[in-house]
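**Q** First the structure, which I've put down as structure tokens, then a few questions once you've had a look.
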Amino acid sequence: MANAETQGAGSYSDAAERGDLPLLPTERLWGFWEFTYANSALAIATWAFLIGGAVGLFVGPREGIAAIVIGNIIGVVLAALPTCVPAGKYGVEQFTMLRSQFGANGSRLVYFLAVVFLTMGWLAVLGMMFGRSIDGLTSLISGSEAAPLGSKVTVAAIGAILLTWFVVAKGPTSIKFFNMVISPALVLLMGWMMYLIFSQHSFDELLAMNALAPPFEDKALNFIIAVEVNLAAGISWWPYVGNLGRLTKNERTAFWPNIVGIFGAAAMGEVVGLLGSVALGNSDPTIWMAQVGGLTVGVIALGFVAFANVTSMANILYTSVVGLRQIGTGAIRAIRWEVLLLMFCVVPLILVIFYPTMYDGFFIFLVWTAALYAALAGIGIADYFLLRRQTLDLHALHGNQLKGPYRYVAGFNPIAITALVVGAVVYIAVFNPQTLESAPVFKYLTASLPSCLAAGFVHYVLTRIFAKGEGWGDYPRR
Amino acid sequence: MSETDKTWAQELRRRIDVYDTIEAKDGWRGSMGAVDYWGLLALTVALVAGFWLWGV
């Protein structure tokens with residue numbers, strides 16, 4: 001009943017929209033196209049240019065486009081199946097739904113691992129991208145050399161994070177305004193960049209270009225690493241899509257728009273990033289955008305990209321902190337909104353000051369997160385589709401967590417946590433994102449798929465054997 | 001239990017009852033069915049196989 005204290009006489013629909021209660025079918029207003037637009041707007045962000053540029057390090061445009069499509073379709077499907085399908089059916093908040101798999105405290109643990117760290121990392125990377133855009137822009141105007149690791153970039157990155165804090169502290173209205181303007185404008189920017197690239201090179205010329213810095217002589221291995229980077233990009237939507245899907249009318253409208261919106265839009269942005277990086281010889285979009293069309297184009301593009309980063313940062317910061325209050329304890333909810341936001345920005349600020357090279361190897365951070373999301377996807381699919389046969393107990397999800405069937409052991413489901421650890425270990429055993437070392441199986445199966453399968457298998461088998469009794473998830477008997 | 005808690009519990013109960021009624025009548029609209037899952041599998045396999053052959 002913790003949320004009842006804050007509800008008072010306010011609207012229950014508002015409380016349901018925030019995730020405190022399940023949304024009723026009549027309250028869910030998004031149809032197919034509304035959800036498609038919403039998740040396209042989320043996916044068309046500056047990180048797409050970064051990911052596309054990273055792909056260009058490993059493979060040329062032909063293999064890169066294939067890797068973008070293959071990685072993203074698998075990643076988005078794995079992220080959306082265990083999150084959007086139950087959210088579309090019951091209208092339940094994603095981390096409330098996760099209580100059925102991990103227990104109430106286990107769900108909090110997953111939130112911290114899956115949302116807090118990811119968001120903090122992206123805030124730092126996008127802050128640095130803002131800084132480099134400003135540095136590139138001022139260098140273009142003054143005719144001086146850009147200094148990606150200079151103090152100007154650090155100061156601008158700190159400014160970007162603080163600006164994001166200020167925008168989000170003002171509330172969702174300001175973010176909505178930025179979204180309405182920035183997302184369509186980014187589509188125009190992508191089209192403009194494509195036009196400039198194709199005015200200098202034919203499509204065949206582009207396809208025949210080589211990778212910028214392939215790490216291995218084995219082309220197949222480089223290709224699979226590019227696929228894995230994209231799988232990581234696709235599956236890293238796991239923390240966000242479920243809570244958007246619950247705003248849609250039913251399972252179908254919660255699931256299929258991800259394939260059009262997130263997969264289609266992200267793939268388009270990444271292809272632009274890939275072609276730009278390979279054609280201009282630099283994986284950093286803040287460098288190649290400065291070169292692609294001369295002074296005026298460079299200044300406009302970099303200025304725009306800088307502020308588009310703030311929009312992306314505001315979106316993820318807002319979503320994460322709303323979620324944090326949702327799953328957090330009373331002590332966290334008691335912290336003032338502005339203060340909680342600022343506390344969330346401390347780690348990104350430290351990263352931009354002391355670890356500015358994170359930007360150049362951001363894909364390593366991205367791929368590390370896939371070790372977690374692949375396992376979470378496997379557990380979610382095994383739990384919801386196979387063990388629970390797509391039926392959840394709403395009383396248990398929203399009732400007293402100390403007495404209900406999802407209480408497990410002190411609020412943690414040791415089986416799901418074991419499966420999560422197994423999935424992450426399998427991932428790292430198959431592919432080490434830090435060193436890029438891999439087991440032979442990686443070339444055939446990637447690392448995310450074995451990790452997802454292993455976590456799902458362990459969760460299924462251990463649940464069948466050990467999860468008995470009323471406090472152990474109340475799984476249906478076969 | 002305070003009055004606020006009671007009304008909150010009633011509202012939760014009301015919402016869960018709506019879903020229980022749908023479940024009892026098997027009245028889920030727009031459910032993902034076999035056609036959706038087979039279609040999704042076919043689309044994924046087609047994209048993966050098609051781009052693999054084209055790109056590698």
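**Q** Based on the alpha-carbon gyration tensor of region B:3-55 and its eigenvalue square roots a ≥ b ≥ c, which shape applies: rounded if a/c is under 1.5, prolate if not and a/b is larger than b/c, or oblate? Don't skip to the end; give the middle numbers.
**A** On the way: a/c = 9.81, a/b = 2.87, b/c = 3.42.
It is oblate, given that a/c is not under 1.5 and a/b is not larger than b/c.
**Q** Can you list the residues, at least 5 places off or on another chain, whose amide H is less than 5 Å from the amide H of A:Phe431, using H built in the peptide plane?
**A** Result for A:Phe431 returns A:Ala439.
**Q** Right, next: Identify the trypsin sites (Lys or Arg not before Pro) of chain B meeting these criteria: DSSP loop state and at most 16 other C-beta atoms within 10 Å of the C-beta. Walk me through the numbers on the way to the answer.
**A** Values: sites: B:Lys6, B:Arg13, B:Arg14, B:Arg15, B:Lys25, B:Arg29; in loops: B:Arg29.
Taking chain B and a limit of 16 other Cβ atoms within 10 Å, the loop trypsin sites (Lys or Arg not before Pro) found are B:Arg29.
**Q** What ranking of B:Met32, A:Met129 emerges when the number of other C-beta atoms within 10 Å of each C-beta is taken as an exposure proxy, fewest first? All intermediate terms of the calculation are to be shown ahead of the outcome.
**A** On the way: B:Met32 22, A:Met129 28.
By the 10 Å Cβ count, ascending: B:Met32, A:Met129.
**Q** Once you order the gyration tensor axes a ≥ b ≥ c over the Cα atoms, which shape class does chain A get: rounded for a/c under 1.5, otherwise prolate or oblate by comparing a/b with b/c?
**A** In terms of gyration-tensor shape, prolate.
**Q** Residue-wise, which Karplus ³J(HN,Hα) couplings in Hz belong to region A:404-410, taking 6.51 cos²θ - 1.76 cosθ + 1.60, θ = phi - 60°, and x for glycine or proline?
**A** Values per residue, Gly and Pro as x: x, x, 9, 7, 6, 10, 6 Hz.
**Q** Check each of the trypsin sites (Lys or Arg not before Pro) in region A:398-473 and keep only those in coil by DSSP with at most 15 other C-beta atoms within 10 angstrom; list them in order. Numbers along the way, then the final one.
**A** Details: sites: A:Lys403, A:Arg407, A:Lys443, A:Arg464, A:Lys468; in loops: A:Lys403, A:Arg407, A:Lys468.
Sparse-neighbourhood loop trypsin sites (Lys or Arg not before Pro): A:Lys403, A:Lys468.
**Q** For A:Ser202 and A:Tyr475 in one chain, what is 0.36 nm times their gap in residues minus the Cα-Cα distance, to one decimal in nm? Display every interim value, and only then the final one.
**A** Details: separation 273, 0.36 × 273 = 98.28 nm, distance 5.78 nm.
This chain segment gains 92.5 nm when fully extended.
**Q** Straight-line reach only, C-alpha to C-alpha below 28 angstrom: list the lysines that A:Lys468 could link to, leaving out same-chain residues fewer than 8 apart.
**A** Leaving aside lysines fewer than 8 places away in the same chain, those within reach of A:Lys468 are A:Lys89, A:Lys403.
**Q** In chain A, which whole DSSP H runs stretch at least 15 Å along their own axis (Cα) and average 0.5 or higher on the Kyte-Doolittle scale?
**A** Details: long enough: A:32-43 (16 Å, 0.34); A:46-58 (20 Å, 1.75); A:61-90 (42 Å, 1.15); A:117-142 (37 Å, 1.19); A:151-169 (27 Å, 1.89); A:172-200 (41 Å, 1.21); A:219-235 (24 Å, 1.45); A:264-280 (24 Å, 1.60); A:294-327 (49 Å, 1.38); A:337-354 (27 Å, 2.71); A:362-381 (28 Å, 2.14); A:414-430 (24 Å, 2.44); A:448-466 (26 Å, 1.19).
Passing helices, by number: A:46-58, A:61-90, A:117-142, A:151-169, A:172-200, A:219-235, A:264-280, A:294-327, A:337-354, A:362-381, A:414-430, A:448-466.
**Q** Quickly estimate the mean residue ellipticity at 222 nm for chain A, helices only: each DSSP H run with n ≥ 4 gives -39500 (n - 2.57), and the total goes over all residues, rounded to 500. Don't skip to the end; give the middle numbers.
**A** Working: 25 runs with 341 residues, N = 478.
So the helix-based figure for chain A works out to -23000 deg cm²/dmol.
**Q** Quick check: net charge around A:Thr138, other residues with Cβ under 14 Å of its Cβ, Lys/Arg +1 and Asp/Glu -1? Let's see the in-between values first.
**A** Working: positive: A:Arg132, A:Lys152; negative: A:Asp135, A:Glu145.
Result for the neighbourhood of A:Thr138: 0.
**Q** Scan around A:Val409 for amide H atoms under 5 Å from its own, H built in the peptide plane at 1.01 Å from N, and keep only partners 5 or more places away or cross-chain.
**A** Residues meeting the amide H criterion: none.
**Q** A further question follows. State, to one decimal in nm, how far the label point of B:Leu43 lies from the label point of A:Met194, with both points 7 Å from Cα in the Cβ direction.
**A** Distance between label points: 2.0 nm.
**Q** Still on this model: Please give the net charge around A:Ala147, taking every other residue with its beta carbon less than 10 angstrom from that of A:Ala147, where Lys and Arg add +1 and Asp and Glu add -1. Numbers along the way, then the final one.
**A** Working: positive: A:Arg132, A:Lys152; negative: A:Asp135, A:Glu145.
Local charge sum for A:Ala147: 0.
**Q** Next up: Placing unit charges on C-beta atoms (Lys and Arg positive, Asp and Glu negative, everything else neutral), compute the dipole magnitude of region B:3-55 about its Cα centre in debye, rounded to 20.
**A** Values: 6 positive and 8 negative charges, 26 e Å.
The dipole magnitude comes to about 120 debye.
**Q** If you take the charge dipole of region B:3-55 about its Cα centre, with +1 on Lys and Arg Cβ and -1 on Asp and Glu Cβ, which of B:Ala24, B:Gly55, B:Thr4 is farthest toward its positive end?
**A** Checked the options; the winner is B:Gly55.
**Q** Placing +1 at every Lys and Arg Cβ and -1 at every Asp and Glu Cβ, with all other atoms neutral, what dipole size does region A:373-478 have around its Cα centre, in debye to the nearest 20? Intermediate values should be presented prior to the final figure.
**A** On the way: 9 positive and 5 negative charges, 66 e Å.
That gives region A:373-478 a dipole magnitude of about 320 debye.
**Q** Tell me the GluC sites (Glu not before Pro) within region A:60-155 that lie in a loop according to DSSP and have at most 11 other beta-carbon atoms within 10 Å.
**A** Listed in order of number, the matching sites are A:Glu145.
**Q** Taking the Cβ-Cβ separation of A:Thr391 and A:Phe354 as r and a Förster radius of 56 Å, what is the calculated FRET efficiency to the nearest 0.05? Display every interim value, and only then the final one.
**A** Numbers: r = 49 Å, r/R0 = 0.87.
Working from the Cβ atoms, E equals 0.70.
**Q** How big is the dipole moment of the protein assembly as shown about its Cα centre under a simple scheme where the beta carbon of each Lys and Arg is +1, that of each Asp and Glu is -1, and everything else is neutral? Debye, nearest 20, please. Intermediate values should be presented prior to the final figure.
**A** On the way: 32 positive and 33 negative charges, 236 e Å.
So the dipole magnitude of the protein assembly as shown works out to roughly 1140 debye.
A short reminder: the numbers here are calculations on the coordinates, not readings from a lab. It should be emphasised that the depicted structure is a prediction, and the values quoted were computed from it without experimental measurement. Counting neighbours? That spans all protein chains shown, and the Cβs are built from the backbone with ideal geometry, glycine included.
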